[in-house]
1. What is the Rg over Rh value, at two decimals, for the stretch A:162-274, using alpha-carbon atoms and the Kirkwood definition of Rh?
2. Apply the a/c threshold of 1.5 to the C-alpha gyration tensor of the stretch A:227-315 and tell me whether it is rounded, prolate or oblate.
3. Write down the Kirkwood hydrodynamic radius of chain A, to one decimal in angstroms, obtained as one divided by the mean of 1/r over all alpha carbon pairs.
4. Treating the angle as unsigned and between 0 and 90°, give the value, to the nearest 10°, between the Cα long axis of helix A:304-313 and the longest Cα principal axis of chain A.
5. Could you state the per residue volume, in Å³, of the convex hull enclosing the Cα atoms of the stretch A:1-146?
6. Tell me, what does the Kirkwood hydrodynamic radius of the stretch A:250-298 come to in angstroms if you use every pair of distinct C-alpha atoms?
7. Rounded, prolate or oblate: which one fits chain B, using the alpha carbon gyration tensor with axes a ≥ b ≥ c (rounded when a/c is under 1.5, else prolate when a/b beats b/c, else oblate)?
8. Relative contact order of the stretch A:1-135, please, whole-number percent, based on alpha carbon pairs below 8 angstrom and at least 6 residues apart.
Amino acid sequence: MALLKFKGVGIRGLAAAVPKNVINNYEYTEHFPKEDVKDIVDKVGIFERRFTDTATTSSDLSFAAAEKLLNDLAIDRSEIELLIFVSQTPDYRMPASSVILQDKLGLPNTTIAFDLTLGCSAFIYGLSVIYSFMEKSGIKKALLLNGETRSKVYSPKDRMTAFIFGDAGVAALIERDDKYGESHFSLNSDGSRASLIKIEGGGYRNMSSAETVKEKVVDTYGNIRTDEHGYMNGADVFNFVIREIPKDIKRIIEFSGKTKEQFDYYVFHQANSYINTYLAKKLKLEMDKIPATIHKYGNTSSVSIPLTIVSELKNNIDKPKELLLSGFGVGMSWASSVIKLDNTHISEIVEI
Amino acid sequence: MKEKFIELLKEVFEMEDQDINLDDTFRDYDTWDSLTHLSLIAMLDDEYDTQIEDEEFQKLNTVNDLFSKVQ
């Protein structure tokens, strides 16, 4: 059971960037009849999403968020000595996007920079890695950058995934300060369920070829995708969430020594509105403590938790707030965390 | 037990005004789709503490097949 506790490390500031291009889901009807689309959209509760153009990447979105944050806080960039970029849609297979971002952001060559490639759990995983580094002496400030362009991952002709995903990027500045108190993390993995959310082709197991980019009808519903598109078994993902996530949330609450009433906000991965309503009911949580952005930004994978904090809590953190975060998905990989926001700066959302 | 199960299924399938019989093939209902499947998963967990993995679920076709899983 991987449970971690840190002291005196916290988030100094958060910023987010989203593409300008708004997709109205009711009008996303190129490949499906309008009535079917309305049915799906009403059920998943995702009305708008943001899509980048083909040239813009997840690192560009994160870069825009980072520039906004560092300028808003007037941060001396020479003090940033650690940069982790979290994404499963990097710029290149190599080099790591984090290293490119080190240069673009004008950070010193003494910066530790590397990528972390997990999905919906990854913002919390990334935080835990940065908190670990920060507990040692030697690093003044660290940047957690996190971006996804899931619009480029899924087939628009596969109704299982066509209406769910969106693009966004965030930047979090992490610093040491006793005021943050203790923070707690629970990190988990189950590779036996690797096939539930997967891109089969285009890696080094099934390398890119004419075959992997060929469109195929993949089920009795007539859904179409290639082996280089993402695939999701929604039913078993939901079974997994039901089985593991309430348990993990109870575990992190117990480990933090708090009671569930002591949390100001529960920020869950924005998978679809159905899953979050289910979790609230199962854990008997008050809905007004569960901020949501799924209706306007869709599922942005690992970005959805910090994006929801930036979008929904900006005007609600005048006093210190106790947050419980929980992210779950592709891997399967899941993580929960208890952190305190204290005088955390939240920038206005940037559109690029 | 059976009556309660049928009532819960009517909610899941949004078939409150129609009959549901044990030998119906639920996959033929107009409202059956992958999203109804999620509602069914939630109902089975809530009411019967039962989970059916997709591989096993694919073998179930009738209302009675479903009912047998909660008995």
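1. 1.07
2. Verdict is oblate for the stretch A:227-315.
3. In chain A this quantity evaluates to 20.4 Å.
4. Compared with the principal axis, the helix lies near 60 degrees.
5. Convex hull of Cα atoms, per residue: 159 Å³.
6. Radius from the Kirkwood sum: 11.6 Å.
7. Cα axes put chain B in the rounded bin.
8. 25
Where a number appears in this text, it was derived from the coordinates with a stated rule and is not lab data. Note that the structure is a prediction, hence the values are computed from the model and not measured. Ideal geometry is used to build each Cβ from the backbone, glycine not excepted, and the neighbour counts take in all protein chains shown.
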